[in-house]
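Here's the structure, in structure tokens; my notes come after.
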Amino acid sequence: MTNAWTDIKNTDLVVVMGGNAAEAHPCGFKWVTEAKANRGAKLIVVDPRYTRTASVSDFYAPIRQGTDISFLNGVIKYCIENNKVQWEYTKAFTNASYIVKDGFSYQDGLFTGYDEEKRDYDRESWDYVIGDDGFAVVDPSLQHPRCVWNLLKEHVAIYTPEFVERVCGTPKAKFLKICEMIAECSTPTKTMTSLYALGWTQHSSGAQNIRAMAMLQLILGNIGVQGGGMNALRGHSNIQGLTDLGLMSNLIPGYLNIPTEMEENFGSYMSTRQFKPLRPGQTSYWQNYKKFFVSFQKAMWGNAAQADNDWAYDYLPKLDVPSYDVLRIFELMNEGRVNGYFCQGFNPLLAFPNRAKITSALSKLKWLVTMDPLETETSRFWENHGEYNDVDTKSIQTEVFQLPTTCFAEEAGSLANSGRWLQWHWAGGTPPGEAQHDTWIMGQIFVRLRELYRKEGGAFPDPIVNLAWDYKDPGEPTPEELAKEINGRAIEDLRDPTDVTKVLVPAGKQVLNFSQLRDDGTTLSGCWIYSGNFNENGNNMARRDNHDPGDTGAYLGWTFAWPLNRRTLYNRASCDVNGKPWDPTRKIIEWDGTKWSGFDVPDIAPNAKPQDVGPFIMNQEGVSRLFTRGLMRDGPFPAHYEPFESPVDNVINPKIRGNPVARVFQNDVSQFGTSAEFPYAATSYRLTEHFHYWTKHNRVNAALQPEFFVEISEELAAEKKIERGGWVRVWSKRGSIKAKALVTKRIRPLMCDGKAVHVVGIPLHWGFIGAAKKGWGPNSLAPFVGDANIETPESKAFLVNIEPTTPPSEVVA
Amino acid sequence: MNMELSRRGFLKAAGAGVAGTTLGAMGFGEAEAAVLAHVRPFKLTTTVETRNTCPYCSVACGIIMYSKGDLRKGEQADIVHIEGDVDHPTNRGTLCPKGAALKDFVHAPTRLKHPMMRKAGSDRFEQVSWDFALDRIARLMKHDRDANFIAKNAKGVPVNRWTTTGFLAASATTNETAYATYKVVRSTGIVAFDNQARV
Amino acid sequence: MMRPDSPRTAAANPPVQPMETNLTERDLIRRSATSSLPPPERQLTEVAKLIDVSKCIGCKACQSACIEWNDTNPAIEENVGVYTNPHDLTADMYTLMRFTEWVNPETDNLEWLIRKDGCMHCSDPGCLKACPSPGAIVQYSNGIVDFVHENCIGCGYCVKGCPFNIPRISKVDHKAYKCTLCSDRVAVGQGPACAKACPTKAIVFGTKEDMKKHADERIADLKSRGYANAGLYDPPGVSGTHVMYVLHHNDKPHIYADLPDNPRISPVVETWKGVTKYVGLAFMGVAAAGSLLHGILGRPNRVTEEDEEAAEELVERKPEARV
């Protein structure tokens, strides 16, 4: 989230698209109902299903899953054509005026540089014209035909209301009504917020869905302001934290990168990370990259990371592929190329697409370790549960360890919520049986492994035996020890560069925040963006002052938000070029002639002159990007592509299937279905009564939503002679499941490209263990393909067939 | 009892079934005098409060856990109730249907209590000791890492990569657990490292 | 010492220190099958739970909080093709979200009407009036109608007497159960568990007067959004209730899963003579304990033929049409 849950109360218009906030985040959604009740805010819901969020909306429109880019590009076109643009903001705070290289273009659904064989672009031409002074060339008048603004106008020209209706199935009148409501927020005193989640990410064009809305929010002037922003609702309680801390194939904590093989040494790694400003006087904060990287290496390897070994650069793995994400590793596993696997609090057998493939892959492992407070289907993937898990147990040679962990109630530590608040919590219950903290398990595994390498040697033991692990009890580092290391400390006295007699931070003391980190090995910090979480003032994540000066919803005294306790990202953009709030009633910060101050921590240097320094300090431009240069694999503008499995062809270019640069494994090509065989458009989702596969273990939630079902329209039910509450079989090219039929008026057939598209809704909370009735999930059916940029599986849009059927044998028995 | 029973029927059935309580109702001397209050005793009295956050979604609502016994005093602490924390700025004491039933996650019959091992080809889990499990896991890791570690690529560049073992990290663990996990996993060269952000 | 008055909100963290209960026998204003109840020693401020259907997202947090607070154990049923689960109120589920898909004939738009069902805590409680067992149903001066299970004989008259079809008889202990408005929480200054949990504050709790004022604001907001018939459901047929609804379509409550348009107590219950019912209990006592209770039988209570017939009619009649 750019903003916080509590900030939503400040909005005038909430657009829920690509998510279902009321059901998935009910207590966060409270702030939507507050904005409605107290500010007269309106709520728009755009979704294939009339959800429980829609039930309290002011306006609902249906959309076919996977076509959001067409819809949003259509809204952008409407706003541009009707002059509903926050011009001052757009001109000053976006790259609308930047001139793009001549080679760049878009034709027949593809951008310049497409290589069909590689399924990739040569992105060389997707860039600005750089002047002799080394800066990007701009035309503030927006007259230049090659400026971003004019290219954007050209790009969205095809997304007419008629096009939107044809592709999305959204009736033109409803689409236009939404355009009107959104366009009202182009004035400086009206703001809109976008709330989205997996409904946008789980597509082969997921990242571009979000970009499209971000671009719309920018031209409306809604980023960085109260009640505005791009608000990813996120899923698990600490998915934000796990991502911040870099627990991904290609990340180092704080959004630094694991090197690739091309970056053979530290010099070549850093050469592409200079982040020189692209316009005069801009902050380009990533210029500090080296400080954060070196401080991280010191946290990892202590004295073994020195200037003369490039801070132990070679201790880090180097990637030969963009990432070993979950789809790739299960592909490799299924090919028999993976031997061991750990699942820490994760249930891939129900979470990842194409369950048959997941089962097959797990069966090829030599060993599997699961760590969880609860039983998981994954830990019992080898156990036969009749129709629900029909495996040949004997033939599965995987050795499985199921390790019991504590749950939230029995452990202390911090979680990062979607608003980036790091909130500390305390243990209050005794763990059951022999359950142990995850930190204990990781510590115990590590000390044993280190001991084996110390004693026996082996393959490159250095990064293991030299890992900085000087905790009081190496077998179980405490949450406080770890949190302090994440914050970082001085290894030697940190002296004031302008007066070396002055010690800013004595050796061994916590740094105040990341501004004190250095690239010379004198500081360490596990995750620079979190720095400030636990400094010499104590554990700031445990702060509980819930005062809210100015009633802005910022709550600066409540826990700690990264970065630097800042609550609204890009908040400098809440003011005009002269530093005065666009809307004085919604002031966050303001420039008083010498400094920035207000109700939030300014997202800019406190003394940065507003006329000189742009608000988007992490970008080399100092402004936001309507055109992303080569930073995204599938285009600098979002363009319409169909899901890999779609009921209709891509109307722009019928030859293009799915996202043209999304990675597809050869083994999966034959596993895509066509609309001839699988005529219905399926989508997966969560229900408010359940959380993933956890709450089916809970008798209360099991009672509130006891049994697996699929949702279909009355029209489809009539056509297929399916009865309400009757059993149906749903199958795709990859699997078949049985479910109860929930026949509803809340799903209606959509008219797309001249044909009726029926939507089949498949919630995902059931499995073969727990208190709730046994069932299946959509992952038995979903395709094994991900987003072109970040490999999020396309679980929101695929094809199925459906028919009435008999109950599973176990139910009959 | 079937509420459609006739009144005569209920008289008969009640006489047999609820003697104790009927007598209790009669036991107040003056039959028509007001009885003692029958409001249920407040069940949180003398419990211990601990502040926590909901482990489900990323709203991260504040909660208060009420236990019999105080963990901080080294006592056995049994959580008997969980309720929203009104002091929390986001949820203001409210909880969703999942958060409101957290107590039954803590006490779910399917909570895991002991390390278990399933041998290759077996149809059951068998309880093992922590030491056995952890020693075995460390050994399996080392065996696979030593056999398949890629120290250098074809060009001779150090790549320190271990691709034959993977690690999926939880997304409901604490930042501190995540960081400890990161250090351990990265130190081994595992590249198949991922979390729940995508699913 | 003055005991505190009714709580004003459900948004509070409960106490853990011992508290004196605020709801005692001295606060009763009605008691089933009891003709002479001493007047309460004070008048507690009337409380109410206001359920704003237009803010309700149907998340069932109220059901979940209710189960956890009251330590009930509803069955894990089948899915029968609807979101309403369990399928009905039960002795283990005191409140229930009822889902109705309704196409507004005026706009042709679908509206998903979600109503939290449960005891309305009527000012004129039909259950209490129908109850033949002394003290099995009581009404406090703050408006709470509570079942006293020690005194319940499981006859089911309360179910028949209720214009909203709320109480349910347990198959385990054969006693009647329903929402208590969390009388145990209210007694120590707390609001009901459902109102505290409700994520969108569709359920709020406070004095009845405050709740009516709050409802007025909500109704004004709804009218501004085009719901011309938005209004407060506080039905006069039962002299008002201590659980009220804000409805977007208050002109037709029945569209909300058969919420009665004009609920009233059955005339049979209204003519029921309280004294008669007391005898019923006495008979039962005899059946159970023989002559030990002989003295009570000496009291001049007799079942008349007329009352007996009325009772037969009440329990054997099919449920009334709910419109």
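The values are calculated or read from the model by the stated rules, or taken from the named source; none is laboratory data. Since this is a predicted model, take the numbers as computed values, not measurements. FYI the Cβ positions are ideal-geometry reconstructions off the backbone, even for glycines, and counts take in every protein chain you see.
Some notes on this structure:
- Close pairs (8 angstrom Cβ cut-off, 6 or more residues apart or separate chains): more than 7 Å from chain A (Cβ to nearest Cβ) and farther than 21 Å from residue A:406 by Cβ in the range B:115-137, surrounded by 13 or more Cβ atoms within 10 Å (Cβ to Cβ) and among the aliphatic types (A, V, I, L, M) anywhere: B:126/B:116; B:126/B:117; B:136/B:117
- Residues within the range C:155-208 that are farther than 19 Å from residue C:241 by Cα, surrounded by fewer than 23 Cβ atoms within 10 Å (Cβ to Cβ) and of a type in the set (S, T, N, Q), tallied: 1
- Residues considered: A:620, A:611. Of these, the only one that is without any contact (Cβ under 8 Å) to a residue 40 or more places away in the chain, under 17 Å from residue A:282 (Cα atoms) and not assigned by TED's automatic domain parsing to the domain that holds residue A:191 is A:611.
- With respect to (1) out of contact with any strand residue (DSSP E or B) (no Cβ under 6 Å at 6 or more places or on another chain); (2) farther than 15 Å from residue C:193 by Cα; (3) facing chain A (nearest Cβ under 7 Å), the lone exception for residue B:52 is condition (1).
- Qualifying residue in the range A:494-515 (condition: touching a residue at least 60 places away in the same chain (Cβ under 8 Å) and not in a strand (DSSP E or B)): yes
- The one condition in (1) out of contact with any Gly (no Cβ under 8 Å at 6 or more places or on another chain); (2) more than 30 Å from residue A:426 (Cβ to Cβ) that residue B:146 fails to fulfil: (1)
- The conditions of being buried (at least 21 other Cβ atoms within 10 Å of the Cβ), more than 7 Å from every other protein chain (Cβ to nearest Cβ) and at positive phi are not met by residue A:355.
- Pairs linking a residue in the range A:53-76 that is more than 15 Å from residue A:171 (Cβ to Cβ) to a residue that is among the basic types (Lys, Arg) and part of a helix (DSSP H, G or I), with Cβ atoms under 7 Å and 6 or more positions apart or on different chains, are A:56/C:55.
- Number of positions in the range A:362-376 that are more than 8 Å from chain B (Cβ to nearest Cβ) and buried (at least 24 other Cβ atoms within 10 Å of the Cβ): 3
- Restricting the range A:667-717 to residues that are touching an Asp or Glu at 6+ places or on another chain (Cβ under 6 Å) and in a helix (DSSP H, G or I) leaves a set whose member that is farthest from residue B:106 (Cα to Cα) is A:704.
- When residues of the range A:36-60 are limited to those that are among the aliphatic types (A, V, I, L, M) and under 25 Å from the mean Cα position of the chain (by Cα), the one nearest to residue A:645 (Cα to Cα): A:46
- Residue in the range A:24-39 that is nearest to residue C:84 (Cα to Cα), counting only those that are surrounded by fewer than 24 Cβ atoms within 10 Å (Cβ to Cβ) and in contact (Cβ under 8 Å) with a residue 24 or more places away in the chain: A:34
- Scanning the range C:106-125 turns up one or more residues that are polar (S, T, N, Q) and closer than 30 Å to residue A:59 by Cα.
- Candidates A:91, A:77: the one that is under 26 Å from residue A:659 (Cα atoms) and more than 13 Å from chain C (Cβ to nearest Cβ) is A:77.
- Elements of type strands (runs of 3 or more DSSP E) contained in the range C:130-211, each with 1 or more residues being facing another protein chain (nearest Cβ under 8 Å): C:137-140, C:145-147
- Output for the range C:18-36, where each listed residue is facing chain B (nearest Cβ under 7 Å) and either at pLDDT 90 or above or buried (at least 16 other Cβ atoms within 10 Å of the Cβ) (or both): C:18, C:19, C:21, C:23, C:24, C:25, C:28, C:31, C:34
- So residue A:226, is it over 22 Å from residue A:298 (Cβ atoms) and within 11 Å of chain B (Cβ to nearest Cβ): no
- A count restricted to the range A:788-807 and to residues that are facing chain B (nearest Cβ under 8 Å) and either among the polar types (S, T, N, Q) or within 18 Å of residue A:639 (Cβ to Cβ) (or both) stands at 3.
- Boolean, residue A:249 is among the polar types (S, T, N, Q), touching a Cys at 6+ places or on another chain (Cβ under 8 Å) and within 14 Å of chain B (Cβ to nearest Cβ): no
- Of the helices (runs of 4 or more DSSP H) lying entirely inside the range B:86-199, the ones with 3 or more residues being touching a Ser or Thr at 6+ places or on another chain (Cβ under 7 Å) are found at B:130-148, B:175-188.
- Selection of first residues in the range A:556-577 that are more than 17 Å from residue A:225 (Cβ to Cβ) and of second residues that are assigned to a loop (DSSP other than H, G, I, E, B) and of a type in the set (Gly, Ala, Ser), restricted to Cβ pairs under 6 Å at least 6 apart or on distinct chains, gives the following pairs, ordered by first then second residue: A:564/A:532.
- The numbered conditions (1) more than 19 Å from residue A:355 (Cβ to Cβ); (2) more than 13 Å from chain C (Cβ to nearest Cβ) are all true for residue A:747 except (2).
- Subset of the range A:277-310 [within 14 Å of chain B (Cβ to nearest Cβ) and not polar (S, T, N, Q)]: A:293, A:296, A:298, A:299, A:300, A:301, A:302, A:304, A:305, A:310
- Given (1) more than 24 Å from residue A:442 (Cα to Cα); (2) within 7 Å of chain A (Cβ to nearest Cβ); (3) surrounded by fewer than 18 Cβ atoms within 10 Å (Cβ to Cβ), number of the condition residue B:65 does not satisfy: (3)
- Checking A:775, A:725, A:767 one by one, the residue that is in a loop (DSSP other than H, G, I, E, B) and in contact with a helix residue (DSSP H, G or I) (Cβ under 6 Å, 6 or more places away or on another chain) is A:767 and no other.
- Residue list for the range A:607-636, filter: assigned to a loop (DSSP other than H, G, I, E, B) and among the hydroxyl-bearing types (Ser, Thr, Tyr): A:628
- For residue C:180, the test of being in the same structural domain as residue C:128 (by TED's automatic domain parsing), touching a strand residue (DSSP E or B) at 6+ places or on another chain (Cβ under 7 Å) and not aliphatic (A, V, I, L, M) is passed.
- For the criterion of being hydrophobic (A, V, I, L, M, F, W, C) and either at the interface with another protein chain (Cβ under 9 Å from one of its Cβ atoms) or within 34 Å of the chain's Cα centre (by Cα) (or both), residue A:494 fails.
- Those residues of the range A:377-401 which are in contact with a strand residue (DSSP E or B) (Cβ under 6 Å, 6 or more places away or on another chain) and more than 7 Å from every other protein chain (Cβ to nearest Cβ), in sequence order: A:378, A:379
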